[in-house]
Amino acid sequence: MQHIWKRWTKYRVPYLFIAPTLLLLIVFSIIPIVIALVISFTDIDLAGLADYSNISAVGFDNFVQLFKDPVFLKSIYNTAFYVIVGVPLVIILSMSAALLLNYGTGRLFKTFRVIYYMPSITNIVAVAVVWGYLYNSQYGLFNHMLSWFDIPAQKWLQDPVLAKLSLILMALWKSMGVNMIIFLAALQGIPRTYYEAAEIDGANKRQRLFYITVPLLGFATFFVTITTLIGWIQFFEEPLVMTKGGPLNETMSMALFIYNNGFQLSNFGYAAAGSFVLFLFIIAATIIQFIVRKKDVEY
C-alpha cells in the first residue's frame, strides 16, 4: 500500500491532468453503457419507468428474440450492404478529391475545398429536403436528366434496391468533405524530397502516386477507414429522414431499428439488447481493422 502511495505522489500531476477527461468518460460513457447492459436483460418499458416494480428480468430472452426477428435480421443485411458499398466509395472519392485539390494553390482550388466541405456541416433535415426534390419520381432533377436519354423515370426511394443506393449516394455526398480535409492535411505533410528523388530516378506521375503518395497516406487512410466504418455501421440519419426504413424495411438499418423500438415503441430492454449487438459489431470491425493494419506495418 505504501508503495502505491509513493508512486501516486510521484506521478500525481499527469493523473490530475487527465482526471477531468476520465470523470467525463466515466459519467457520460461507461456508466450509461453499464446501465444499458443491465436494461438489456429486462423487459423495461414506459410502465417500468413509472414504477420499477413493473420491471422483470428476462435473462437472454431479448437477445434470443432479436435473432428471430425478421426485421432485425433485415436491418443487419441492410447495414452490411451500406458498409460494403459505402465505405470504399467514401475512401476512394475523398482521397481522389484531396489529390486533385492538393496540386492547386489558387483561389479556385480553395473555393472548391470549401464547396466540398460544406455538405459535412449542413443540417441533415435541410439535406433531406433538397435530396427529396432530386429523388422525386414525378418532377425530380434526376428523372428529368434521365429523360434526356429516353430512360424511363425511376422510383428512387420506392424501389428496394434503388432506395438503398439512393441513400448511399446522399450519405456519400454529405460525408466526403471531412475525410477529404484529413487526406489534404496528410498530403501536405509529405516531404517534397521524396518526389524530387523519384523524379531524378525517372519515375512518372503514376509511379509517384502509387509508390510514394498512397503508401505515405497509410495512417490517414487507416484513420479514415476506422471512423468511416464506425459511422456507416451506425447508419441512421439518412434512412430516418428519407424513407423511415421503407419500403418494406428494405432501408432499415440497425441503428434505426433500435431507435424505432426504443423511442417509438418504448421497448427499452429490447432496444438496449439491439444496441449491444450493434456495439459488438463495431468492436469486431475495429479489431479486424487494427489487425490488418498491424500486419501491413510489419510487412
For the chain, what relative contact order do you get, as a whole percent, if you take Cα pairs closer than 8 Å and at least 6 residues apart? 27
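What FRET efficiency comes out for the pair Tyr103/Asp201, r = Cβ-Cβ distance, R0 = 30 Å, nearest 0.05?
Values: r = 21 Å, r/R0 = 0.69.
The pair Tyr103/Asp201 has a calculated efficiency of 0.90.
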Regarding the range 163-299, what are the three Cα extents along the principal axes, ordered largest first, in Å? 67, 31, 21
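Counting other Cβ atoms within 10 Å, keep those with at most 14, restrict to DSSP loop, and tell me which GluC sites (Glu not before Pro) in the range 208-299 are left.
Values: sites: Glu237, Glu250, Glu298; in loops: Glu250.
The qualifying sites: there are none.
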Cut-off under 5 Å, modelled amide H: who pairs with Thr42 long-range: Val58
Over the chain, with a Gaussian network built from C-alpha contacts below 10 Å, which listed residue (Phe63, Phe235, Phe109) shows the highest mean-square fluctuation? Phe109
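How do Tyr52, Tyr195 rank when sorted from fewest to most other Cβ atoms within 10 Å of their own Cβ? Could the numbers behind the result be given before it?
Details: Tyr52 8, Tyr195 15.
Ascending number of Cβ neighbours within 10 Å: Tyr52, Tyr195.
Helices from the chain with mean Kyte-Doolittle at least -0.5 and a Cα length along the axis of 30 Å or more, per DSSP H: which?
On the way: long enough: 70-102 (47 Å, 1.65); 160-188 (42 Å, 1.55); 268-298 (45 Å, 1.27).
Membrane-span-like by this rule: 70-102, 160-188, 268-298.
Using the 2.2 N^0.38 Å rule of thumb for compact globular proteins, work out how the range 69-298 stacks up: its C-alpha Rg over that value, please. Please list the in-between numbers first.
Values: Rg = 20.5 Å, N = 230, 2.2 N^0.38 = 17.4 Å.
Cα-based Rg divided by the globular estimate yields 1.18.
Which order do Asp69, Asp43 fall in if you start with the one that has the fewest other Cβ atoms within 10 Å?
Details: Asp69 15, Asp43 18.
Neighbour counts put them in this order, fewest first: Asp69, Asp43.
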Under 19 Å between alpha carbons, and skipping anything fewer than 8 positions from Lys244 in its own chain: which aspartates and glutamates qualify? Asp69, Asp159
Cα coordinate range in the range 220-285, projected on the principal axes (Å, largest first): 40, 26, 16
For the range 187-220 and the range 125-157, what is the centre-to-centre distance using only Cα atoms, to the nearest Å? 41
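How would Thr122, Thr213 line up from fewest to most surrounding beta-carbon atoms within 10 angstrom? Spell out each step's value before the answer.
Working: Thr122 13, Thr213 18.
Going from sparsest to densest Cβ surroundings: Thr122, Thr213.
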Between Ala80 and Val292, what is 0.36 nm times their sequence separation minus the Cα-Cα distance? Round to one decimal in nm. 74.4 nm
What aspartates and glutamates does Lys164 reach when the alpha-carbon gap must be under 18 Å and sequence neighbours fewer than 8 apart in one chain are set aside? Glu237, Glu238, Glu250
The range 9-90: projected area of the alpha-carbon convex hull, averaged over directions, in nm²: 10.5
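Values quoted throughout were computed directly from the atomic coordinates according to the rules given, and no laboratory measurement underlies them. Here the structure is a predicted model, which is why all the values come from computation and not from measurement. Note: ideal-geometry Cβ built from the backbone for every residue, glycine included; neighbour counts use all protein chains shown.
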